[in-house]
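Undergrad: Right, I'll just put the structure down here and ask away after.
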Amino acid sequence: MSIDPVVFMTTLVRRFDFTEKDKEILKANADWGLEIAAEMADHFYGYLGRDEEMNAVLNETEGRVHRLKQTFVTWFHEMFTGIDNWGDNYAQRRWKIGLVHVKVGIQPQHIVPGMATVVNEVGKKLKTEGKSEELQAALGKICMIDLAFIEQSYIDVATNAVLKETGWSAALFKRLVSNGAASM
Ligand code: HEM
């Protein structure tokens with residue numbers, strides 16, 4: 001049983017207290033977000049490229065880094081526009097981004113440091129450009145919502161794959177995981 005991205009989005013909006021005011025401030029700065037997106041992409045892929053394992057993934061296929069820089073710009077800008085006011089389309093899109101990473105075989109341990117780089121670099125940029133703390137807070141929340149989507153997709157895909165292959169119930173799988181953790 002897979003999670004419903006739309007329901008998950010609603011839960012995350014509540015948990016992170018992502019308010020209407022946060023949405024307004026992001027939308028008001030959407031042009032600025034697009035302006036700085038390519039620079040943020042350079043920081044992001046520069047960081048990933050300095051890690052041997054991630055660098056190998058990035059250069060696995062011809063033109064991948066180039067394509068990724070473009071998809072990063074779109075992703076970054078969408079955090080400001082909200083696509084459909086951070087509604088169903090936004091949730092589905094974020095869920096799909098998570099699934100792409102699972103499919104490509106990127107270890108989940110790389111995701112949090114990657115997002116931390118974005119938060120860090122955008123934080124520096126906000127400061128040098130004299131942007132408000134409210135914008136920083138709103139951006140921080142939406143970055144964490146997007147991060148939660150990618151992280152959740154790993155456990156969801158893994159659990160579903162095991163349940164499908166084995167025919168086990170979700171309760172049995174949960175018990176086995178708990179027992180496994182207890183014996184470590
Ligand atoms: C903050 C974390 C990350 C964000 C927001 C992000 C964003 C994205 C986006 C928007 C896509 C395109 C998805 C699509 O095609 O629908 C993508 C794909 C991809 N990302 Fe990430 N990414 C993150 C972390 C990473 C990390 C740590 C790696 C490690 C190398 C990575 C490597 C890739 C690869 C290989 C693809 C598929 C490229 C292809 O289509 O050939 N990403 N990512």
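Readers should treat all values here as calculations from the given coordinates under stated rules, not as data from a laboratory. Small disclaimer: the values here were computed from a predicted structure and weren't measured. Positions of Cβ are backbone-derived with ideal geometry, glycine not excepted, and every protein chain shown enters the neighbour counts.
Undergrad: Report D for the chain in µm² per second (integer): Stokes-Einstein, Kirkwood Rh on Cα pairs, 10 °C, 1.306 mPa s.
TA: Stokes-Einstein gives a translational diffusion coefficient of 89 µm²/s.
Undergrad: Positive end of the dipole of the chain, charges at C-beta (+1 Lys, Arg; -1 Asp, Glu), about the Cα centre: which of ALA41, VAL157, LEU176 has its Cα farthest in that direction?
TA: Sorting the options by dipole projection puts first LEU176.
Undergrad: Say a paramagnetic label sat at a point 7 Å from the Cα of GLU35, along Cα to Cβ; which residues of the stretch 49-87 have their backbone N under 20 Å from it?
TA: 73-82
Undergrad: From the cross-link list LYS23/LYS124; LYS27/LYS141; LYS23/LYS141; LYS69/LYS127; LYS69/LYS124; LYS69/LYS131, which pairs have alpha carbons spaced over 18 Å apart?
TA: From LYS23/LYS124; LYS27/LYS141; LYS23/LYS141; LYS69/LYS127; LYS69/LYS124; LYS69/LYS131, over 18 Å: LYS23/LYS124; LYS69/LYS127; LYS69/LYS124; LYS69/LYS131.
Undergrad: With runs of 4+ DSSP H residues as the only contributors, calculate the mean residue ellipticity of the chain at 222 nm using -39,500 (n - 2.57) per run, divided by the residue total and rounded to the nearest 500.
TA: -27500 deg cm²/dmol
Undergrad: Next question, about the same structure. Along the charge dipole of the chain, Cβ charges K/R +1 and D/E -1, which of ASN55, LEU139, VAL6 sits furthest on the positive end?
TA: About the Cα centre, the residue reaching furthest to the positive side is VAL6.
Undergrad: Quick one: Karplus J couplings for the stretch 35-46, per residue in order, coefficients 6.51, -1.76, 1.60, θ = phi - 60°, nearest Hz, x for Gly and Pro?
TA: Each residue of the stretch 35-46 in turn: 4, 8, 4, 5, 5, 5, 4, 4, 4, 4, 6, x Hz.
Undergrad: If the reach is capped at under 26 angstrom between alpha carbons, list the lysines near LYS174, excluding any in the same chain fewer than eight residues apart.
TA: Result set, ordered by chain and number: LYS96, LYS103, LYS164.
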